Amino acid sequence: FTSPTGCPISPAAAAFDPFTGPYQVDPAASLRWSRDEEPVFYSPELGYWVVTRYEDVKAVFRDNLLFSPSIALEKITPTSDEANSVLAQYDYGMARTLVNEDEPAHMPRRRALMEPFTPAELVHHEEMVRRLTREYVDRFIDSGRADLVDEMLWEVPLTVALHFLGVPEEDMDTLREYSIAHTVNTWGRPAPDQQVAVAEAVGKFWQFAGTVLDKLRKDPSGHGWMPFGIRVQKEQPDVVTDSYLHSMMMAGIVAAHETTANASANALRLLLEHRDVWEEICADPSLIPNAVEECLRHSGSVAAWRRLVTDDTTIGGVDIPKGAKLLIVNSSANHDERHFDQADDFDIRRDNASDHLTFGYGSHQCMGKNLARMEIQIFLEELTRRLPHMRLVPDQEFTYLPNTSFRGPEHVWVHWDPTLNPERVYP
Ligand code: HEM
């Protein structure tokens, strides 16, 4: 094997497979060899150059002209003709949103749509997030056993996402099925027979997004980011286009929902596996905000992101040709000893935890980061207060949806003795 630049490919680079095995178990650990020996390598399996060190990943995020985000939502596994014809039947037209939009279109759109993400606006959502969280905990608090993902961490961020976007709450179960399909479609490696089913779900999701958008257009006076976008479109139709609104109606649900659900599930798994840390935050909730940041660094929910190289360049001293595709592995960057001391340790007092690249960096950095932080903080505040004595069910195997980018355990089983619930002991 040689790379597109004619360089020999090392056995480790040739063996890199992000869809199975060690990367799925622990992406950062699976790429330690790369951070140490070959921080930028070509993966013949993927057809991507893989970037794994902190400084290099950050430098790529920083320059969105040389490293275009246009391929961020491209299907990483090319789909079969059959799947493509299914998508065509649904007029599937996912196009540019924000995350995959180039300049000069991106920045004016980002600015025009920023207001709902400002701290002053986010405050209005706090009560809704807390109310939902309490309702979901109420449902299982007396049962002594729960799958935190199925019974809370999946649904609450979905409901919050729908509220934030201004979508009516109905059709949640359908959406749940659809959004997973979008993840597999974009970042996964579905088998040929699975591809058609995935395409069906993606096509339906796309049509559903269009229906909801039409509903909102009839009365765009309501709260939420999509009605806000529809109102901005009236003033700035070239900045906020129809194609943007339809694409964002679909991509926005995934951006706001799965990222946060997975981040919360990662955080709960990590904290409960470090019992001493869990007990510390139960005793002192003021530790929670930095603990959230450290969870996002140590076990982030976006493991890798993508960029397209627009001109011949070098990354970490390696020549990279124009047109090359990059997989920038932010989960690996977050465990780089060159930036984080004892990077594999889980340390909720780490003073540079928030330097993590889980939200990306630079002009495309996640707009929803403070909404996500607020949600995870509230989940931890409520769970540490009401279920400090819960423990992970021993010997459970954590499973992950195979894909390069969206990462979180599919189930996190916990158990506890309900007679010891603080609200029963100290009513
Ligand atoms: C962009 C991660 C939650 C909305 C991004 C990017 C990442 C990311 C990696 C690309 C950054 C880049 O290219 O530099 C996450 C994670 C989340 C999360 C890990 C949860 C823990 C949310 C939420 C929303 C949201 C709750 C709310 C709607 C967006 C938007 C962009 C974005 C609109 C595009 C920004 C742009 O390109 O200008 N996010 N996200 N995200 N995220 Fe998030």
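Does segment 185-204 contain any residue that is loosely packed, with under 14 Cβ neighbours inside 10 Å and either outside any helix (DSSP H, G or I) or hydroxyl-bearing (Ser, Thr, Tyr) (or both)? Yes, there is a match, as at least one residue in segment 185-204 is loosely packed, with under 14 Cβ neighbours inside 10 Å and either outside any helix (DSSP H, G or I) or hydroxyl-bearing (Ser, Thr, Tyr) (or both). State yes or no: is LEU162 within 16 Å of the ligand (Cβ to nearest atom) and over 21 Å from LEU245 (Cβ atoms)? No: the conditions fail for LEU162. The residue that is surrounded by the most Cβ atoms within 10 Å (Cβ to Cβ), among those in segment 64-79 that are among the β-branched types (Val, Ile, Thr) and part of a loop (DSSP other than H, G, I, E, B), is ILE76. Tell me, which strands (runs of 3 or more DSSP E) lie completely within segment 209-325 with 2 or more residues that are over 23 Å from the mean Cα position of the chain (by Cα)? So the answer is 313-315, 318-320. For the criterion of being without any contact (Cβ under 8 Å) to a residue 40 or more places away in the chain and within 15 Å of the ligand (Cβ to nearest atom), THR186 fails. Residue check: ARG306 meets all listed conditions (1) among the charged types (D, E, K, R); (2) open to solvent by 50 Å² or more (accessible area, probe 1.4 Å); (3) within 11 Å of the ligand (Cβ to nearest atom) but one, namely (2).
Does PHE359 satisfy the condition of being within 8 Å of the ligand (Cβ to nearest atom), open to solvent by less than 40 Å² (accessible area, probe 1.4 Å) and either modelled with pLDDT of 95 or more or in a strand (DSSP E or B) (or both)? The answer is yes for PHE359.
Within segment 39-56, not a single residue is within 16 Å of the ligand (Cβ to nearest atom), surrounded by fewer than 19 Cβ atoms within 10 Å (Cβ to Cβ) and within 25 Å of TYR400 (Cβ to Cβ).
The set of residues from segment 125-152 being assigned to a helix (DSSP H, G or I) and in contact (Cβ under 8 Å) with a residue 60 or more places away in the chain comprises HIS125, GLU126, VAL129, ARG130, THR133, ARG134, VAL137, LEU148, VAL149, ASP150, MET152. Screening LEU87 with (1) outside any loop (DSSP other than H, G, I, E, B); (2) farther than 20 Å from LYS234 by Cα; (3) at pLDDT 95 or above gives one miss only, at (3). Scanning for something within 9 Å of the ligand (Cβ to nearest atom), at negative phi and in contact with a Leu (Cβ under 7 Å, 6 or more places away or on another chain), does segment 311-330 turn up at least one residue? Yes, there is a match, as at least one residue in segment 311-330 is within 9 Å of the ligand (Cβ to nearest atom), at negative phi and in contact with a Leu (Cβ under 7 Å, 6 or more places away or on another chain). Residues that are of a type in the set (A, V, I, L, M, F, W, C) and without any contact (Cβ under 8 Å) to a residue 24 or more places away in the chain are absent from segment 250-266.
The values are calculated or read from the model by the stated rules, or taken from the named source; none is laboratory data. Being a predicted model, the structure only gives us computed values, none of them experimental. Positions of Cβ are generated from backbone atoms using ideal geometry, with glycine treated the same way; all protein chains shown enter the neighbour counts. Surface accessibility is based on the protein's heavy atoms, side chains included, excluding ligands, DNA and RNA. Shrake-Rupley method; radii C 1.70, N 1.55, O 1.52, S 1.80 Å.
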